[in-house]
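Below you'll find the structure, written out as structure tokens, and then a few comments.
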Amino acid sequence: LVKYVEYLVKKLNNDKFKLRVYTKEECEAMGMNAFLGVNKGSDIPARLIYLTYEGSNDEPITLVGKGLMFDTGGYSLKTKMNTMKCDMGGAATVLGVMEAVVKNNLPVNLRVVIAATDNKVNSGAILPDDVLTAMDGQTIEIESTDAEGRLTLADAICFAQQEGSKVVIDVATLTGAVVVALGDYTTGLFGNDQELVDKILNSAKEENESL
């Protein structure tokens, strides 16, 4: 994913478009222990991908994309995982939005945050009943290691807020319960800002997307 993002920045070649990739060690220094907890079972070091596009002086909007490159469920092992490379669908979506914005030189101040890792199993992987301390200092008790998306997104959203974004939109393949409730073609939308929720719903209607 990092290689693709580096290619994308080079291909678009726009001075307003910048990339910063934080290493696992830099994430540790920031206290991103929820995100890094998911990465403990992997031999591939985690990366935090941060893209910025300064097309205006407006308040920044940050898109956070779930970037689970493969999800085994960890020790809460999935019974079926042949589609789990798709667990980075949120990351792919926000990258697509950023590419469209940069290509069209839109007058917006847009940021993208992706906490990229896989969720695998080895002797160092987190266990059910482990307790992790997230970037904002809150502790999280792990009931299921297959709830890895919430852990990565918690730190990614905290990072976005610390970078100054008051508008944060998270896109994620987060739970099969949404498919049970809404079917295969409708996305579940949750928010704590009704005005922003209404804007997104109206945009979806205009583009014939089911939310």
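The values are calculated or read from the model by the stated rules, or taken from the named source; none is laboratory data. Model, not experiment: these values are computed from the prediction. Using ideal geometry, Cβ is built from the backbone for each residue, glycine included, and neighbour counts are taken over all protein chains shown. Surface accessibility is based on the protein's heavy atoms, side chains included, excluding ligands, DNA and RNA. Shrake-Rupley method; radii C 1.70, N 1.55, O 1.52, S 1.80 Å.
A few remarks follow.
- Cα→Cβ-extended label distance, 7 Å offset, between Asn82 and Ser123, nm: 3.3 nm
- Set of lysines near Lys199 by C-alpha distance (under 16 Å), chain-local residues within fewer than 8 positions excluded: Lys166
- Cα-based helix-to-principal-axis angle, 148-162 vs the chain, degrees rounded to 10: 40 degrees
- Model label sites at Leu211 and Lys166, defined 7 Å from Cα along the beta-carbon direction, differ in position by 2.0 nm.
- DSSP-defined antiparallel bridges as percent of all bridges, the range 45-201, nearest 5: 45 percent
- Measuring nothing but protein heavy atoms, the accessible surface of the chain at 1.4 Å probe radius is 50 percent carbon and sulfur.
- Unit Cα scatterers, Debye sum, the chain: log10 I(q)/I(0) for q = 0.08, 0.12, 0.17, 0.18 Å⁻¹: -0.28, -0.63, -1.26, -1.39
- Rounded tilt (10° steps) of 89-103 against the dominant C-alpha axis of the chain: 20 degrees
- Per residue solvent-accessible surface (Å²) - the chain, probe of 1.4 Å: 56 Å²
- Note on Lys103 and Glu28: with the Förster distance fixed at 30 Å, the Cβ-Cβ geometry gives a FRET efficiency of about 0.30.
- Per residue, the convex hull volume that the Cα atoms of the range 1-77 enclose (Å³): 118 Å³
- GNM top mover of Gly176, Gly89, Gly124 - the chain, alpha-carbon springs below 10 Å: Gly176
- Modelled label positions at Asn14 and Ile44, each set 7 Å beyond Cα in the direction of Cβ, lie 2.7 nm from each other.
- Using a cut-off of 25 Å between Cα atoms, the listed pairs Lys18/Lys103; Lys10/Lys120; Lys3/Lys24; Lys11/Lys40 include Lys10/Lys120; Lys11/Lys40 as exceeding that distance.
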